[in-house]
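The values are calculated or read from the model by the stated rules, or taken from the named source; none is laboratory data. Everything numeric here is computed off the predicted structure, so don't read it as measured data. Here the Cβ positions follow ideal geometry from the backbone for every residue, glycine too, while neighbour counts run over all protein chains shown.
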Amino acid sequence: MKLTRKQFLMLAVMVFGTFVAILNQTVVTPALPSIMAETGVDASMAQWLTTGFTLVNAIMVPVTAYLTDRYKTRTLFAISMAVFALGSALAGWAVNFPVLLVGRLLQAAGAGVSMPLVMTTLMLTFPPERRGSAMGIFGIVIAFAPAVGPSVAGVVIDSYGYHVLFYAIAILSVLVVIASVAFIDKSMGGFKPDSTLDKPSVILSTLGFGGLLYGLSTIGSTGVNAADIVITLVGVIILVLFFRRQLRMEEPMLQVRVLANRKFLIGTIIGMLVQGSLLAAGILMPIYLQSYMGYSATISGLVILPGAVIMGAMGPIAGRLFDKHGPRVLSLIGMSLLTASTLAFAFLGDATGVIYLTVLYAVRMFSMSLVNMPINTWAMNALDNSLINHGTSVGNTLRQVAGSLGTAILVSVSTMATNMAAQTGMDGTHAGILGVNAAFFVGTLLCLIGLIITIVCVKDKPGERAAVDPDSRNRSTLERIMQRDVYTLPDTATVCDAVELFVNKHISAAPIVNAEGHAVGFISDGDVARVLAKRKTTFTDPVLFTQLTTDSDNDEFDDKAQRVMESNVCSIGARGVITVDVHTDLREVCRILGENHLKKIPVTDEGQLVGVVNRSDIAHYTMSKYLEARNQGEEARPVEA
């Protein structure tokens, strides 16, 4: 699917706006030590610049589903970016920590609307079979922000201070507002202008998420006390009431019913665990490098740079791999590496080298690229198009909340461990490093839980998509035209079994599958003819087989045929097999058939064989579409008198 120039410019503006919002996040973390020194706050207080941002972001995300239904995309995006620009300017002017925090919360209100709006627009612009690649392209653009943000921020902080960073973000945001008015389609969005916002739901979500986060943060900062425990429990109770209200409403603020979809629920849980560990690490790393190791903000940014570049470069690659292989292999490798690298961060010391940290952080970011995009796309593809904007809102809300809670918990763990170590007489530097190690160890446990869930649940078995989408509106073209009655041979079958299958089913070839249902080879009547030939020259014409078998005086052939028929199919069939994923674009299928001179090709879903498509199937589909288009054109043509 090629985008029109209008669609390309619209998405370019919206993606750049997302880039600015993410850039804003990446420039804050290297500035935390400078902010702590200038405003006189500790880590548990400074983390609210990130935790508060993600909390407000999470509260605004479900509201976005209502706003998307009610207002046009251009108006909504321009206003949200304008609010973001105002918050950036206020943060740049901030004379103390409270003013800076208010600026950050305004930024969060704008970003909380713009970012899920961009995601929804992207998902609706591309068909399901191209969303993996689209998300990959989107990933490389927005990953450029983490790549350049920390390094540029470090240089600016060391030279001019952190205030300049926020002013620069404000200027970029204003440019996005101007471009959005010029290039975003004014007719897009506003699907349900009569939709309403349930104000009690907004109040419940704000109090529930806010109380839970505040209680956990203050417990970590000041220790366990009755007041904070009560606030935390009240937050949990209010959240229960919020979710119960959403389930009872016909048009809820947050369509939590999408969590009934198993794939979406699993993908969201994994994303929450990863997000919680990720955001906390972004706060702890600069503090460790600058406050405890004595490095400058520039060095702190450079340590992060290679990992961010790798993560950005992996965006389109992970997208293509997802479109071809599905999420399981990618997410398993990614979660395993993420767990191992997070555990390695739990053993930092006062002599840990910068190069070691840089390499370790790069491995961690590489693993992130193999988890985030595939799992998110896999989860979203499980939903019907009519639920995508609500799915985006629910997923983003819960990931943002998990990021806030994860940050609050891990920073609280770090603070508590640091205070306990200091009480034993340990010096401030080593006590702080011990606290960072403790936080990363808890982060490792979160990643391990995510890995276990991935191993058990991310399988995407054949038939699940049909169960989710029985009317096939979300199915790819290939999925609709392929033949589902596939005759296969187990890898334990003999050549005689293959010949019987060919004769009884009137077919000329069949895939060979293992016990798990994965295609491991391919055998055809030409392969049988080739091994039975008297000469070692390759013969693929089945006519030769007929000539040989009808030669009654050929005793040598009879003996050879007996040996061949008793042999395993894998011994004469093609080892390995060219397959296509069920979501592959039809033009790509034609290219594979043509380049490999194939008449048919097996179709797989997450490695499982689910069908086969012939050249004749594609030709019939193409001709049918042509005739349909021509007939519609003739019906639309005016009748001459």
Restricting attention to the range 611-629, does a residue exist that is in contact with a helix residue (DSSP H, G or I) (Cβ under 7 Å, 6 or more places away or on another chain), surrounded by 12 or more Cβ atoms within 10 Å (Cβ to Cβ) and either in a strand (DSSP E or B) or at pLDDT below 75 (or both)?
yes
Pairs needed: first member in the range 348-361, part of a loop (DSSP other than H, G, I, E, B); second member anywhere, surrounded by fewer than 16 Cβ atoms within 10 Å (Cβ to Cβ) and not charged (D, E, K, R); C-beta distance under 7 Å; at least 6 residues apart or different chains.
350/429; 350/430
Name the single residue that is nearest to residue 103 (Cα to Cα) among those in the range 23-55 being within 23 Å of the chain's Cα centre (by Cα) and at pLDDT 80 or above.
53
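Identify, from the list 380, 416, the residue that is part of a helix (DSSP H, G or I), modelled with pLDDT under 80 and of a type outside the set (Ser, Thr, Tyr).
On the way: 416 fails: modelled with pLDDT under 80.
Just a single option satisfies the conditions, and that option is 380.
How many residues are under 32 Å from the mean Cα position of the chain (by Cα) and farther than 20 Å from residue 213 by Cα if we restrict to the range 378-432?
Residues of the range 378-432 under 32 Å from the mean Cα position of the chain (by Cα): 378-415.
Now narrow it down to the ones that are farther than 20 Å from residue 213 by Cα: 378-392.
Qualifying residue count for the region: 15.
From the residues in the range 91-100 that are free of Cβ contacts under 8 Å to residues at least 60 places away in the same chain and in a helix (DSSP H, G or I), which one is surrounded by the fewest Cβ atoms within 10 Å (Cβ to Cβ)? Talk me through it step by step, then tell me what you get.
Quick first cut of the range 91-100, residues free of Cβ contacts under 8 Å to residues at least 60 places away in the same chain only: 95-96, 98-99.
Of the ones still in play, those that are also in a helix (DSSP H, G or I) are 98-99.
Values: 98: 10, 99: 14.
Going through the qualifying residues, I end up with 98.
Could you pull out every one of the helices (runs of 4 or more DSSP H) wholly within the range 252-346 that has 3 or more residues that are within 16 Å of the chain's Cα centre (by Cα) and among the charged types (D, E, K, R)? Outline the logic, then answer.
Details: elements: 262-286, 297-325, 327-345.
So the answer is 297-325.
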Please name all residue pairs, on different chains or six or more residues apart, with Cβ atoms under 8 Å, provided the first residue is in the range 432-445 and is without any contact (Cβ under 8 Å) to a residue 24 or more places away in the chain and over 16 Å from residue 276 (Cβ atoms) and the second residue is part of a helix (DSSP H, G or I) and of a type in the set (Ser, Thr, Tyr).
434/418; 435/414; 435/415; 435/418
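One residue is enough: does the range 402-415 have a residue meeting the conditions touching a helix residue (DSSP H, G or I) at 6+ places or on another chain (Cβ under 8 Å) and without any contact (Cβ under 8 Å) to a residue 60 or more places away in the chain?
So the first thing to find is which residues in the range 402-415 are touching a helix residue (DSSP H, G or I) at 6+ places or on another chain (Cβ under 8 Å), and the list is 402-415.
Now restrict to residues that are without any contact (Cβ under 8 Å) to a residue 60 or more places away in the chain: none.
Taking every residue of the range 402-415 in turn, none turns out to be touching a helix residue (DSSP H, G or I) at 6+ places or on another chain (Cβ under 8 Å) and without any contact (Cβ under 8 Å) to a residue 60 or more places away in the chain.
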Report yes if residue 76 is under 20 Å from residue 98 (Cα atoms) and either surrounded by fewer than 24 Cβ atoms within 10 Å (Cβ to Cβ) or under 24 Å from the mean Cα position of the chain (by Cα) (or both), otherwise no.
no
With respect to residue 154, determine if the residue is modelled with pLDDT of 80 or more, surrounded by 19 or more Cβ atoms within 10 Å (Cβ to Cβ), touching a Leu at 6+ places or on another chain (Cβ under 6 Å) and assigned to a helix (DSSP H, G or I).
no
Can you tell me which residues in the range 244-257 are in contact with a Ser or Thr (Cβ under 9 Å, 6 or more places away or on another chain) and closer than 13 Å to residue 390 by Cα?
246, 251, 252, 253, 254, 255
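Would you mind finding the one in 549, 488, 492, 537 that is of a type in the set (S, T, N, Q), at pLDDT below 75 and surrounded by 12 or more Cβ atoms within 10 Å (Cβ to Cβ)?
Numbers: 488 fails: at pLDDT below 75; 492 fails: at pLDDT below 75; 537 fails: surrounded by 12 or more Cβ atoms within 10 Å (Cβ to Cβ).
Criteria check complete, one pass: 549.
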Inter-residue pairs, beta-carbon under 8 Å, first under 14 Å from residue 529 (Cα atoms) and in the range 550-566, second modelled with pLDDT under 75 and among the acidic types (Asp, Glu), 6+ apart:
557/551
